[in-house]
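Enquirer: Take this structure, written in structure tokens, and hold onto it; I'll ask about it next.
The values are calculated or read from the model by the stated rules, or taken from the named source; none is laboratory data. Since this is a predicted model, take the numbers as computed values, not measurements. Cβ coordinates were reconstructed from backbone atoms using ideal geometry, including for glycine residues, and neighbour counts include every protein chain displayed. Note: accessible area is taken over every heavy atom of the protein model, side chains too, but ligands, DNA and RNA are not part of it. Shrake-Rupley method; radii C 1.70, N 1.55, O 1.52, S 1.80 Å.
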Amino acid sequence: MKKTQTMAGRKRILLGVSGGVAAYKAAELVRLLVKAGIDVRVVMTEAATRFVGPATFQALSGQPVYTDLWDARIPDSMAHIELSRDRDLVVVAPASANFMARLANGLADDLLSTLCLARRCPLLLAPAMNVEMWENAATQDNVRRLASQDVGLLGPAAGDQACGETGRGRMLEPAQIFAAVSLRLGPKPLAGKKVLVTAGPTYEPIDTVRGLTNLSSGKMGYAVAQAAAEAGADVTLVSGATALEAPAGVTRVDVRTAREMREAVLPLARNSDIFIAVAAVADYRPAETHAHKLKRGAGSMTMELVPNPDILGEVAALKNGPFCVGFAAETENLQAYAQEKRRKKNIPLLAANLAQHAFGQESNSLILFDAKGEHELPLAPKLVVARQLLDHIAAMLPKRAR
Ligand code: CTP
């Protein structure tokens, strides 16, 4: 196997080993990682040491192995903080049902669970357990909770188990885990790409103090901008009025009306690789904006509305334009309306949600519609969903050269 990292840019992972027969396979995983030039620090639970001795991991990783929250080798009893701070990734393989249950509930009662809770870097788990344990509703509940906490799961696979039963619950083979880890540590999927995002509501003035707007908080669009920046992109966020801070490293352009948003977006879009239209743009604006506050009159009042430009539609129609992603907030008939909208707008990807479940909320669930069909992103914090959306976009990109 070729060494992919130089010493200077050497990737660092913390491998957690929890209690299970598959712990012996973690030894092979350490060997593969070390051989590829990755710095591996191993932390074991007490139960794991009953299956494989720390000396095995110490010899394979060439580093001390840690098992104890109060390890005297780490100053100030801060092993749970110190051991993960210089790491790019934490991988727990095998992750037992008990370890996953503790993690899903935020328990921190040994070194490995505590450092997982205190980590700043991503966390991947390779579950390993008996098929009944895996299929148990409690475990499946924990799996969903972990997914909503942005913990990645590798496997498990189906097949013969150490207990003699057959089914899903086998840990992935070390080579498969190694491949997933290498992918995760590789170059960021959107490095070198320019991403343009719209977010928030537009405000269409009626007079100097009143206007038409909607309930969009901007949270989903800001999460998308942050996820794109995390994926290595150069991100510009064109935002309607929101109460939010721009994510770190993202350039924000503030606008108020749909027409201002269009003016900001079009020139930027010509120079972008990806355009993600998350903004809730008002489809209509008052035909006339009064230059002073309107006075109450007798009887009813009629206001003429004229259509606003369709910003996403215009960007999608650009020659050599960016890869376009639309959002659709429907209140009913989600599937039918969303596929129809994707075709009408002539865009490769549309993310749809039920408006009543998304506007102003902290969490969201999306259904992605592309030429291949549907792909569901289950309910999770908006940033978690946004990261999954960006992964989906990144996977679609190479098939469509600009
Ligand atoms: N959009 C836009 N410019 C507009 C209106 C919408 O760029 N003037 C974008 C939104 O940011 C979103 C998508 O288009 O990505 C929504 O499509 P649209 O058909 O306008 O959705 P709705 O406004 O929800 O349409 P309808 O009211 O017909 O359901």
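Quick grid of which residues meet (1) open to solvent by 20 Å² or more (accessible area, probe 1.4 Å); (2) more than 16 Å from the ligand (Cβ to nearest atom); (3) not assigned by TED's automatic domain parsing to the domain that holds Phe275:
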| residue | (1), (2), (3) |
| --- | --- |
| Arg170 | yes, yes, yes |
| Ala179 | yes, yes, yes |
| Thr198 | no, no, no |
| Pro201 | no, no, no |
| Asp207 | no, yes, no |
| Asn214 | yes, no, no |
| Ser217 | yes, no, no |
| Gln226 | yes, yes, no |
| Ala229 | yes, yes, no |
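Enquirer: Within the range 277-295, take every residue that is of a type in the set (D, E, K, R), under 44 Å from the mean Cα position of the chain (by Cα) and open to solvent by 80 Å² or more (accessible area, probe 1.4 Å) and give me the one that is farthest from the ligand (Cβ to nearest atom).
Expert: This residue is Glu288.
Enquirer: If you don't mind, another one. If we scan the range 304-314, do we find a residue that is surrounded by 17 or more Cβ atoms within 10 Å (Cβ to Cβ) and either more than 8 Å from the ligand (Cβ to nearest atom) or among the small types (Gly, Ala, Ser) (or both)?
Expert: Taking every residue of the range 304-314 in turn, none turns out to be surrounded by 17 or more Cβ atoms within 10 Å (Cβ to Cβ) and either more than 8 Å from the ligand (Cβ to nearest atom) or among the small types (Gly, Ala, Ser) (or both).
Enquirer: Which condition does Leu266 not pass, out of (1) within 15 Å of the ligand (Cβ to nearest atom); (2) surrounded by 18 or more Cβ atoms within 10 Å (Cβ to Cβ); (3) not in a loop (DSSP other than H, G, I, E, B), if it passes all the others?
Expert: (2)
Enquirer: State whether one or more residues within the range 327-334 are part of a loop (DSSP other than H, G, I, E, B), within 9 Å of the ligand (Cβ to nearest atom), under 24 Å from Val265 (Cβ atoms) and of a type outside the set (A, V, I, L, M).
Expert: No, every residue in the range 327-334 fails to be part of a loop (DSSP other than H, G, I, E, B), within 9 Å of the ligand (Cβ to nearest atom), under 24 Å from Val265 (Cβ atoms) and of a type outside the set (A, V, I, L, M).
Enquirer: Being within 10 Å of the ligand (Cβ to nearest atom) and either under 24 Å from the mean Cα position of the chain (by Cα) or closer than 14 Å to Leu196 by Cα (or both) is the filter here; which residues of the range 250-263 pass it?
Expert: Scanning the range 250-263 gives Met261, Arg262.
Enquirer: Still on this structure, I have one more. Just to be sure I understand, how many residues within the range 375-392 are part of a strand (DSSP E or B) and either at positive phi or not small (Gly, Ala, Ser) (or both)?
Expert: Here the count works out to 6.
Enquirer: For the range 43-60, state whether one or more residues are of a type outside the set (A, V, I, L, M, F, W, C) and touching a Lys or Arg at 6+ places or on another chain (Cβ under 9 Å).
Expert: No, the conditions are met nowhere in the range 43-60.
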